[in-house]
Amino acid sequence: TDAAKNVELQYWIEATPPKQAMEVLQFHDVFYEYNAETNYLRVMTRAERLAQEYGAPHEQGFVVQHAPIDYMESVFTSLLSPGGRMMVDPRTNHILVWDTEENLAEMAEAVKRLDVPLTQAEFVVHYAEVADMEAILSPLQSPGGTIIGDARTGRLLVRDLKENVEQMRLAIEKFD
């Protein structure tokens with residue numbers, strides 16, 4: 001391809017079959033495809049190979065409103081295809097992604113499911129130690145949730161997903 005022609009690469013190989021010699025190119029982000037019917041060898045850059053395999057990348061921006069930006073970044077990173085790219089701006093909570101349409105749709109669904117407002121609740125602990133209750137509730141806490149205990153007043157201030165707050169309420173009823 002024209003882009004592959006611009007890659008300058010020098011290497012020396014002795015007594016090596018051509019197929020093995022060509023595999024060295026992949027370490028330098030140059031790929032090839034051999035067509036046995038036409039006896040044609042197509043050499044291309046990594047970007048061209050990824051576009052051929054996954055389709056041309058599309059751009060989409062996401063604004064995270066409620067979830068921690070670093071948490072959403074880790075979710076997006078796990079969904080990113082090998083040819084995808086991502087840029088995160090923690091100042092504005094924007095995530096800009098270049099990836100396949102399918103992956104962008106999955107990311108949009110993840111934002112819809114995970115970027116939700118948190119519910120606040122206050123619980124009064126009557127019999128148990130507040131520190132013990134915090135330890136019991138911590139595993140129920142989502143990455144963006146918070147639990148603040150005040151041993152003087154016997155109160156727990158919780159901010160988390162609605163379903164997690166409900167589980168915490170049930171745990172307090174059971175263990176207090």
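The values are calculated or read from the model by the stated rules, or taken from the named source; none is laboratory data. All values derive from a computational prediction rather than experimental measurement. When we count neighbours, we look across all protein chains shown, and the Cβ atoms used for this are built from the backbone with ideal geometry, even at glycine. Note: accessible area is taken over every heavy atom of the protein model, side chains too, but ligands, DNA and RNA are not part of it. Shrake-Rupley method; radii C 1.70, N 1.55, O 1.52, S 1.80 Å.
Listing for the model above:
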{"quantity": "Output for region 101-120, where each listed residue is modelled with pLDDT of 90 or more and either open to solvent by 60 Å² or more (accessible area, probe 1.4 Å) or of a type in the set (Gly, Ala, Ser) (or both)", "calculated": "105, 106, 108, 109, 110, 112, 120"}
{"quantity": "Number of positions in region 61-77 that are under 22 Å from residue 161 (Cα atoms) and of a type in the set (S, T, N, Q)", "calculated": "2"}
{"quantity": "Hits in region 18-51 (condition: touching a Phe, Trp or Tyr at 6+ places or on another chain (Cβ under 9 Å) and open to solvent by 80 Å² or more (accessible area, probe 1.4 Å))", "calculated": "19, 26, 28, 34, 40, 42, 46"}
{"quantity": "Helices (runs of 4 or more DSSP H) lying entirely in region 41-120 (those with 1 or more residues that are over 13 Å from the mean Cα position of the chain (by Cα))", "calculated": "46-54, 101-114"}
{"quantity": "Lone unmet requirement of (1) over 30 Å from residue 160 (Cβ atoms); (2) surrounded by 14 or more Cβ atoms within 10 Å (Cβ to Cβ); (3) modelled with pLDDT under 90 for residue 98", "calculated": "(3)"}
{"quantity": "Members of region 121-152 found to be under 19 Å from residue 71 (Cβ atoms), open to solvent by 70 Å² or more (accessible area, probe 1.4 Å) and part of a loop (DSSP other than H, G, I, E, B), listed by number", "calculated": "143"}
{"quantity": "Residue in region 27-45 that is of a type in the set (Val, Ile, Thr) and without any contact (Cβ under 8 Å) to a residue 40 or more places away in the chain present", "calculated": "yes"}
